[in-house]
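The values are calculated or read from the model by the stated rules, or taken from the named source; none is laboratory data. Everything numeric in this text was worked out from a predicted model, so none of it was measured. For neighbour counting, all protein chains shown are included, and Cβ atoms are generated from backbone atoms with ideal geometry for every residue, glycine included. We work out accessible area using only protein heavy atoms, side chains counted, and drop any ligands, DNA or RNA first. Shrake-Rupley method; radii C 1.70, N 1.55, O 1.52, S 1.80 Å.
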Amino acid sequence: MASLKANGITIEYEDSGDKNAPAILLVMGLGAQLTRWPDEFCDKLAAGGFRVVRHDNRDCGLSQKFEAAGIPNMAELLQKSAQGQPIDAPYRLEDMAADAIGLLDVLKIDKAHVVGVSMGGMIAQVLAAKHAGRVASMISIMSSSGRRGLPPGKPEAMQAITTRPMSGEREALIQNSIKVQRTIGSPGFAEDEAVLRRSAERNIDRSYYPQGISRQFAAIMANGSRVDLLKTIRVPSLVIHGIDDPLVPVDAGKDTAANIPGSDLTLIPGMGHAIETKLVPILADAVLAHCRKAMATA
């Protein structure tokens, strides 16, 4: 891993595969570090003939933090969103998309296939709409159009991602992480306990920064509905969603695909809001097939 200056901030990233191969940019979700992309997934994409770039979004992992912006109240953000009130966020999804473009600039990547999960899918959507010349194709996974009126996540899933353990001790954080992954994960692809623990240890030891989650969440809320934006997307697009996603229900994925002209939709039974080991080959094959199809028809 390495860091660089892009779009005026420090961004931590990892660059693997053949540097002369077509690039795939992986964009993670809310509060999730680049290490949340399974190494096996990245290796499979690289073995498929692609350069694979993943990064920590701003306010997450080892990328630049925005402490001076303060910590938004998540309950207040939800209330304002429900009432259709304007939301003042420290930064917006468009800024996070600009970070990604800045990263591509420094790495001298003219175009990339952009793959995003959850919030990362929203950022990918913004990239495809507003930076189409830099996007070879777009894949939005377990994400949403942001349209008001879509079914909310299950209460237990929403509680899991918004509740922090009372203790800041390492073991308490690890146990909470495992619980969250069990709650929002994929019932048809359940992960081994040992794998969940190793992942939790790796990410908590690398960076534990819950303050950034509130600011990223504010960026999502401030962005609101992207339906009109989605209708302007012309790059080859694929929407992937788990039928059993408890956090971002499958209707959100269907709505996203319905509003992107010519997009493809893949629904996966048993998949929730996580990329488990048994899902890696399924998702990697879908990404590779989409990227190759986009290149063949370019």
Index of the failed condition, Gly149 passing every other in (1) in contact with a helix residue (DSSP H, G or I) (Cβ under 8 Å, 6 or more places away or on another chain); (2) within 25 Å of Ile268 (Cβ to Cβ); (3) outside any helix (DSSP H, G or I): (1)
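Here's the yes/no breakdown for (1) within 24 Å of Asn259 (Cβ to Cβ); (2) out of contact with any Phe, Trp or Tyr (no Cβ under 9 Å at 6 or more places or on another chain); (3) in contact (Cβ under 8 Å) with a residue 24 or more places away in the chain; (4) among the hydrophobic types (A, V, I, L, M, F, W, C):
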{"residue": "Ser140", "(1), (2), (3), (4)": "yes, yes, yes, no"}
{"residue": "Ser145", "(1), (2), (3), (4)": "yes, yes, yes, no"}
{"residue": "Gly149", "(1), (2), (3), (4)": "yes, yes, no, no"}
{"residue": "Ile161", "(1), (2), (3), (4)": "no, yes, yes, yes"}
{"residue": "Met166", "(1), (2), (3), (4)": "no, yes, no, yes"}
{"residue": "Ala172", "(1), (2), (3), (4)": "no, yes, no, yes"}
{"residue": "Pro187", "(1), (2), (3), (4)": "no, yes, yes, no"}
Gly149 closer than 22 Å to Gln125 by Cβ and surrounded by fewer than 20 Cβ atoms within 10 Å (Cβ to Cβ): yes
Any hit, segment 192-204, residues being without any contact (Cβ under 8 Å) to a residue 12 or more places away in the chain, of a type outside the set (Lys, Arg) and open to solvent by less than 50 Å² (accessible area, probe 1.4 Å): no
Spans of strands (runs of 3 or more DSSP E) in segment 1-104 with at least 2 residues open to solvent by 20 Å² or more (accessible area, probe 1.4 Å) and within 27 Å of Gln181 (Cβ to Cβ): 9-16
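Let's see how each residue does on (1) among the hydrophobic types (A, V, I, L, M, F, W, C); (2) more than 14 Å from Val287 (Cα to Cα); (3) touching a Leu at 6+ places or on another chain (Cβ under 9 Å):
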{"residue": "Met28", "(1), (2), (3)": "yes, yes, yes"}
{"residue": "Gly31", "(1), (2), (3)": "no, yes, no"}
{"residue": "Cys42", "(1), (2), (3)": "yes, no, yes"}
{"residue": "Asn57", "(1), (2), (3)": "no, yes, yes"}
{"residue": "Pro86", "(1), (2), (3)": "no, yes, no"}
{"residue": "Asp105", "(1), (2), (3)": "no, yes, no"}
{"residue": "Gly116", "(1), (2), (3)": "no, no, yes"}
Val287 being modelled with pLDDT of 95 or more, in a strand (DSSP E or B), of a type outside the set (Asp, Glu) and surrounded by 15 or more Cβ atoms within 10 Å (Cβ to Cβ): no
Selection status of Leu77, among the aliphatic types (A, V, I, L, M) and closer than 21 Å to Ser214 by Cβ: yes
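Each row is one residue, and each column tells you yes or no for (1) aromatic (Phe, Trp, Tyr); (2) at pLDDT 95 or above; (3) within 16 Å of the chain's Cα centre (by Cα).
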| residue | (1), (2), (3) |
| --- | --- |
| Asp39 | no, yes, yes |
| Leu45 | no, yes, no |
| Asn57 | no, yes, yes |
| Phe66 | yes, yes, no |
| Asn73 | no, no, no |
| Gln83 | no, no, no |
| Asp88 | no, no, no |
| Val106 | no, yes, no |
| His113 | no, yes, yes |
Any chance Arg234 is assigned to a loop (DSSP other than H, G, I, E, B), over 30 Å from Leu77 (Cβ atoms), of a type in the set (D, E, K, R) and open to solvent by 40 Å² or more (accessible area, probe 1.4 Å): yes
